[in-house]
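Let me begin by presenting the structure, written as structure tokens, before commenting on it.
The values are calculated or read from the model by the stated rules, or taken from the named source; none is laboratory data. All values reported here derive from a predicted model rather than from experimental measurement. Positions of Cβ are generated from backbone atoms using ideal geometry, with glycine treated the same way; all protein chains shown enter the neighbour counts.
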Amino acid sequence: MSKVIVSLDLESKEKIDRIVEMLDFIEYFKVGPIPYLVYGNELIEKLKKRGKKIFLDLKFFDIPNTVKKSVKCACLKGVDMLTLHIMGGEEMVKSAIEGKNEVGAETKILGITVLTSLKEKDIDFATSSIREMVFKLAERGYNWGIDGIVCSGEELPFLRKKFPSPFLMVVPGIRMEERKDDQKRVITPSMAVKKGADFIVVGRPVYESENPVKSVERIIKEVKIGEESMGGD
Ligand code: C5P
């Protein structure tokens, strides 16, 4: 099931290994700062050996030279997708693309727009709404040449209309039911797919559940429902 990316935000190697083992039928795993710091590059190597695809979510946001070299290093590790903050600006984003091209990698560069844990009140210093910010950032990323964006389910429908495939839309903040945590702009798996998500990213609803396999199976079932109803309202 290539649409579902399971995030490995676990704080021990054993726990990460257990989830990867359990979910061997999943193609894509997300390696963010938590598993990367716990495991190091060994995790990327191990996942690749298992034939898995890797979404390296280190959300680069730094001066252009640093981001360019970071992207180069990540591409050389053979990751399939990586993230950077579009807010880093044109020079940073274009340097990242240059870095990827210099090593001739196929890695997809995805831009972070506005984190799904943020609501208007969290960024009351901003002069435009979250929706406007997401849209402006996505447009800039698209024009500067990135391969896709990470966005919330809330903005997904209008972004999909404006930026058709193959521009990738990766959607975190996936929730099956009402759950109290830091994610505020959430969507169900079926709605995300129906509204045009190429990938959904799920973490806690899977690895914190009593039965991660069952939880992923339920998500996959929902994704299929979403695919079947695509194009409808
Ligand atoms: O546990 P949960 O399902 O909320 O995990 C979502 C994952 O997606 C986390 O690893 C988080 O870092 C990531 N993410 C996000 N919002 C973004 C980009 C990535 O939640 N805008």
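Some values worked out for this structure:
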item: Meets criteria (within 16 Å of the ligand (Cβ to nearest atom) and modelled with pLDDT under 95) for Asp198; result: no
item: Some residue of the range 33-47 being closer than 23 Å to Pro166 by Cβ, under 17 Å from the mean Cα position of the chain (by Cα) and assigned to a helix (DSSP H, G or I); result: no
item: Any hit, the range 137-147, residues being within 13 Å of the ligand (Cβ to nearest atom) and not small (Gly, Ala, Ser); result: yes
item: Residues within the range 201-222 that are away from the ligand (no atom under 15 Å from the Cβ) and under 19 Å from the mean Cα position of the chain (by Cα), tallied; result: 1
item: Top-ranked residue in the range 167-195 [being surrounded by fewer than 20 Cβ atoms within 10 Å (Cβ to Cβ) and modelled with pLDDT of 95 or more; ranked as farthest from the ligand (Cβ to nearest atom)]; result: Phe167
item: Qualifying residue in the range 78-91 (condition: among the charged types (D, E, K, R), away from the ligand (no atom under 12 Å from the Cβ) and in a helix (DSSP H, G or I)); result: yes
item: Residue count for the range 96-117, restricted to those that are over 15 Å from Leu168 (Cβ atoms), free of Cβ contacts under 8 Å to residues at least 40 places away in the same chain and surrounded by fewer than 21 Cβ atoms within 10 Å (Cβ to Cβ); result: 7
item: Test result for Ile5, out of contact with any Leu (no Cβ under 9 Å at 6 or more places or on another chain) and crowded, with 22+ Cβ neighbours inside 10 Å; result: yes
item: Any hit, the range 54-69, residues being within 14 Å of the ligand (Cβ to nearest atom), buried (at least 17 other Cβ atoms within 10 Å of the Cβ) and in a loop (DSSP other than H, G, I, E, B); result: no
item: Complete set of residues in the range 118-134 that are away from the ligand (no atom under 11 Å from the Cβ) and either touching a residue at least 12 places away in the same chain (Cβ under 8 Å) or assigned to a helix (DSSP H, G or I) (or both); result: Lys119, Glu120, Lys121, Asp122, Ile123, Ile130, Arg131, Glu132, Met133
item: Residue satisfying all of: in the range 135-166; without any contact (Cβ under 8 Å) to a residue 12 or more places away in the chain and among the basic types (Lys, Arg); surrounded by the most Cβ atoms within 10 Å (Cβ to Cβ) among these; result: Lys136
item: Residue pairs meeting the criteria (Cβ under 8 Å; at least 6 apart or on separate chains; first farther than 14 Å from Lys46 by Cα, in the range 5-23; second among the small types (Gly, Ala, Ser) and surrounded by fewer than 19 Cβ atoms within 10 Å (Cβ to Cβ)); result: Ser7/Gly32; Asp9/Gly32
